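Below is the structure I would like to discuss, written out as structure tokens.
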Amino acid sequence: MIALVPFHMWLVDFVQGLSTSGSMLLFGGVIVGGMGAFARFLLVALPGSLAGEDLLDWISVLHGLSMAALLGSNAVALVQKNAKRLAAYLLVGQVGLVGLALAACGKMKASSLSPSEAMGGVLVFLAVHAVSWLGFFVAQSVIESEGEADPNVGRLEGLVYQRPWLAVSLGLALLCMAGMPPSAGFFSRLYFLKALVDVGWNTTAVVAALSFGLVLVMCLGLVATMIQKPSESIALKSTGWGLRLVAVVASIVILLFGVLPGKILELAIFSAGSLW
């Protein structure tokens, strides 16, 4: 969660220097675990307010920082050409979205309301987050050229013609990040927006919904690049069965969570209830 504005640039620079496998571990493992631990600390260890009425409490601070991360990073991601920096800015935006949900959960708890439903959405989001980034980095590992571990997104040109299965997997991962149906990212974000409305943050909910549009525009741009005829022949790395299996499993999970979300969300809400 320390990737929130104004401390987000350390993450962007750090990710650019990582290998693809290291980035995959960071995005799909370390960040997910960190957000889960941060959520438990805020909602279990801290009261709703740590200050007097005239001072900012942690809910207000987290609300403001998360809004800045959500809007700023998603807007900057639109103009990124480097694949790793693009991924890092998208990650900061997702961390900002989780921060908004946690601030709403904190306000619910301070108001003696049950935040279990919103927290269940957070748990599902974290699971979906890990899977969607797996699909993204599998694609990145394939478009890397020999001796280049920091590819430009332009190398996605013509991917649908050379690796159609990989293009489909990456497309589903991008739709999931944008929160579009029928991907798994839709319902978790819907619970986030509902939590914001339930605590009276209607303007925040509208702005958060509009930020999804920024991500969607960027994702559609990448999809358009994949179906564009390449201007020159781009050599892609060979793909073993391991990478193919990861891409297929990630795609199945994204679709399964999106088409049949009921039981999964119920289980997540039940698990979140054990926190209170």
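The values are calculated or read from the model by the stated rules, or taken from the named source; none is laboratory data. What you see is a predicted model, and the numbers here were worked out from it, not measured in a lab. No Cβ is skipped: glycine too gets one built from the backbone with ideal geometry, and neighbour counts run over all protein chains shown. The area values use the complete protein model at the heavy-atom level, side chains included, leaving out ligands, DNA and RNA. Shrake-Rupley method; radii C 1.70, N 1.55, O 1.52, S 1.80 Å.
Test residue 140 against the criterion of being in contact with a His (Cβ under 7 Å, 6 or more places away or on another chain) and part of a helix (DSSP H, G or I), and give yes or no. Explain how you work it out, then say what you get.
Values: in contact with a His (Cβ under 7 Å, 6 or more places away or on another chain): no; part of a helix (DSSP H, G or I): yes.
Criteria not met by residue 140.
Condition first: at pLDDT below 80, among the hydrophobic types (A, V, I, L, M, F, W, C) and either touching a helix residue (DSSP H, G or I) at 6+ places or on another chain (Cβ under 6 Å) or not in a helix (DSSP H, G or I) (or both). Now tell me which residues in the range 99-118 satisfy that.
Selection gives 113 alone.
Here is a further query. Among the residues of the range 239-272, how many are under 19 Å from residue 143 (Cβ atoms) and under 20 Å from the mean Cα position of the chain (by Cα)?
The qualifying residues number 5.
Now, a different point. Within the range 74-125, work out how many residues are among the basic types (Lys, Arg) and more than 21 Å from residue 39 (Cβ to Cβ). Walk me through it before giving the result.
To start, the set of residues in the range 74-125 that are among the basic types (Lys, Arg) comprises 81, 84-85, 107, 109.
With the extra rule that they be more than 21 Å from residue 39 (Cβ to Cβ), the set shrinks to 81, 84-85.
Residues that pass the stated criteria total 3.
Out of the range 80-110, which residues are over 18 Å from residue 69 (Cα atoms) and out of contact with any strand residue (DSSP E or B) (no Cβ under 8 Å at 6 or more places or on another chain)? Let's see the steps before the verdict.
Of all residues in the range 80-110, those over 18 Å from residue 69 (Cα atoms) come to 81-83, 105-110.
If the condition is that a residue be over 18 Å from residue 69 (Cα atoms) and out of contact with any strand residue (DSSP E or B) (no Cβ under 8 Å at 6 or more places or on another chain), then 105, 106, 107, 108, 109, 110 are the ones that fit.
A further question on this structure: Mind listing whichever residues of the range 180-205 are more than 16 Å from residue 126 (Cβ to Cβ), touching a residue at least 24 places away in the same chain (Cβ under 8 Å) and open to solvent by less than 30 Å² (accessible area, probe 1.4 Å)? Spell out how you get there, then give the answer.
Initial filter on the range 180-205 (more than 16 Å from residue 126 (Cβ to Cβ)): 180-182, 193-194, 196-205.
Those still in the list that are touching a residue at least 24 places away in the same chain (Cβ under 8 Å) too: 180-182, 194, 196, 198-199, 201, 204.
196, 199, 204, listed by residue number.
Oh, and also: Would a scan of the range 163-171 turn up a residue that is closer than 23 Å to residue 72 by Cβ and either out of contact with any Pro (no Cβ under 6 Å at 6 or more places or on another chain) or free of Cβ contacts under 8 Å to residues at least 24 places away in the same chain (or both)? Even if it seems obvious, please write down each step before you answer.
Applying the first criterion (closer than 23 Å to residue 72 by Cβ) to the range 163-171 yields none.
There is no residue in the range 163-171 that is closer than 23 Å to residue 72 by Cβ and either out of contact with any Pro (no Cβ under 6 Å at 6 or more places or on another chain) or free of Cβ contacts under 8 Å to residues at least 24 places away in the same chain (or both).
Considering each of 135, 121, 99 in turn, give the residue that is touching a Ser or Thr at 6+ places or on another chain (Cβ under 7 Å), under 23 Å from residue 262 (Cα atoms) and buried (at least 24 other Cβ atoms within 10 Å of the Cβ). Quick ask: steps written out before the conclusion?
Numbers: 135 fails: under 23 Å from residue 262 (Cα atoms); 99 fails: under 23 Å from residue 262 (Cα atoms).
Checking each option against the conditions leaves just 121.
Which residue pairs have Cβ atoms under 6 Å apart, sit 6 or more places apart or on different chains, and have a first residue in the range 15-32 that is in contact (Cβ under 8 Å) with a residue 12 or more places away in the chain and closer than 13 Å to residue 131 by Cα and a second that is open to solvent by 30 Å² or more (accessible area, probe 1.4 Å) and among the basic types (Lys, Arg)?
Between residues of the range 15-32 that are in contact (Cβ under 8 Å) with a residue 12 or more places away in the chain and closer than 13 Å to residue 131 by Cα and residues that are open to solvent by 30 Å² or more (accessible area, probe 1.4 Å) and among the basic types (Lys, Arg), there is no close pair.
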